[in-house]
Amino acid sequence: MKLLTKEAVGLAFSKAAGTYDRACDFQKETARDLIQRVLNDGGRANKILDIGMGTGRMTQELASVFERPVFGCDIAWGMVSFSKTNYAGIIPAQADMERLPYKAGIFDIVFSNIAHQWCRDIKSAFLEVKRVLKTGGRFWFSILAKDSLVELYKSIETVTGEDYSKDLFPNAERVRLELINSGLELDWFETKTLKRYYKNSFELVKRLKDIGAGRVSGANIFGMGQRGLFVRMLEVYNRRFSESGKISASYNIVSGCARKI
C-alpha cells in the first residue's frame with residue numbers, strides 16, 4: 001500500500017477528533033498500562049512530553065498522575081484544537097514527531113502511545129526523542145507492529161489479490177534496532193498481541209474510521225465504483241474470522257522503555 005503524505009495523515013486524524021475518544025478502546029488500555037509501568041518504576045518528572053497525543057484524553061490522565069501540566073503534540077491540528085477545548089492540564093502543539101519544536105535536553109519523560117507506527121521515518125523520530133530528553137531521561141512507548149489487523153488485510157488480499165499491509169507497520173526487531181541505533185539504551189522491551197472482538201467486520205471498519213485510521217491503515221481503500229469489492233471483503237472477513245458470533249481483530253503491540261545515557 002502506498003503510504004499517505006504527512007498532510008494526508010494529519011487531515012485523516014483531524015477529521016476524527018470528535019469521534020476518537022469513544023472509539024479508541026485498546027488505545028486507552030495500552031496507555032493506562034504504560035502509565036502504570038511509569039508509576040511502578042517510581043519515576044519522578046518535572047517536564048513530560050506526550051508525542052502523538054491525539055485528543056489529549058490520556059495526556060490529561062498523565063498530567064493528573066504526575067500532578068503537573070504535560071506537554072503534548074500531534075500532527076493533526078483537529079486533535080490539538082480538540083484538546084484545547086476539552087482537556088485541562090495540557091500544553092498542546094501541532095508538530096511532526098520527526099521534527100519536534102522543543103529545545104534539546106528539556107524533558108525527563110517522553111511518552112508515546114500507539115503513534116510512531118504512522119510516521120514515515122521512525123529512525124528520525126527516535127533521534128528526536130533522544131534530542132529532547134535530558135541525560136538519564138526515559139522514553140516510554142507502545143507501537144503497533146507488523147501483522148496488526150492481519151485479519152483485515154487477508155480479507156482485502158482475498159478480493160483484490162494485493163497485500164496492502166506490506167511495510168505498513170514496522171516489525172518489532174526494526175523498532176528495537178532503530179531505538180538502539182538512535183543512541184538510546186533499552187531498559188525493557190516486549191511484544192504482545194491483543195485481540196478485540198466486534199459484532200461484524202463493518203463495525204471494525206467503522207471503528208477504524210472513527211479514530212482516523214481508516215484511510216491511514218488502508219481499511220477504506222475501496223473508492224467510488226468499488227462498493228462490490230468492499231462488500232465482498234466484509235463478507236470474506238465475517239466468514240473467515242468469526243468466533244462465537246463475533247469477528248476478531250489482532251493488534252500486535254511493541255512496548256518498552258529506553259533511556260538517554
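Every number here is computed from the coordinates shown, using simple stated rules; none is lab data. Keep in mind that what you see is a predicted model, and the values were worked out from it rather than measured. Cβ: placed from backbone, ideal geometry, glycine included. Neighbour counts: every protein chain shown.
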Handout entry: Distance (nanometres) between label positions extended 7 Å along Cα→Cβ at S248 and I180
Key = 3.2 nm
Exercise for the section: Take the alpha carbon gyration tensor of segment 71-128, find the square roots of its eigenvalues, order them as a ≥ b ≥ c, and report rounded if a/c is under 1.5; if not, report prolate when a/b exceeds b/c, else oblate. Expected result: oblate
Handout entry: Extension gain, I261 back to Y197 (0.36 nm per residue minus Cα-Cα distance, nm)
Key = 18.9 nm
Fill in the blank from the handout: Mean-square fluctuation maximum in Gaussian network of the chain, Cα pairs under 10 Å, restricted to D147, D41, D21, hits D41
Practice task
Report, please, the projected area of segment 1-107 averaged over directions, based on the convex hull of its C-alpha atoms, in nm².
Solution key: 7.5 nm²
Exercise for the section: For each pair in K166/K209; K15/K134; K6/K130; K209/K246, compute the distance between the two Cα atoms and list the pairs where it is over 27 Å. Expected result: K15/K134
Fill in the blank from the handout: Rounded to whole angstroms and listed largest first, the alpha-carbon spread of segment 110-261 along its three principal axes comes to 55, 33, 25
Exercise for the section: Would you mind calculating the gained length between K123 and E190 on full extension (0.36 nm times residue separation, minus the Cα-Cα distance), in nm to one decimal? Expected result: 22.2 nm
Handout entry: Length released on extending from K6 to T160, taking residue separation times 0.36 nm less the Cα-Cα span
Key = 52.8 nm
Problem - Gyration tensor (alpha-carbon) shape descriptor, segment 71-190, a/c threshold 1.5 - result: oblate
Completion exercise
Taking placed amide H atoms and a strict 5 Å upper bound, the residues 5 or more places from K146 or on another chain that come that close are N171, A172
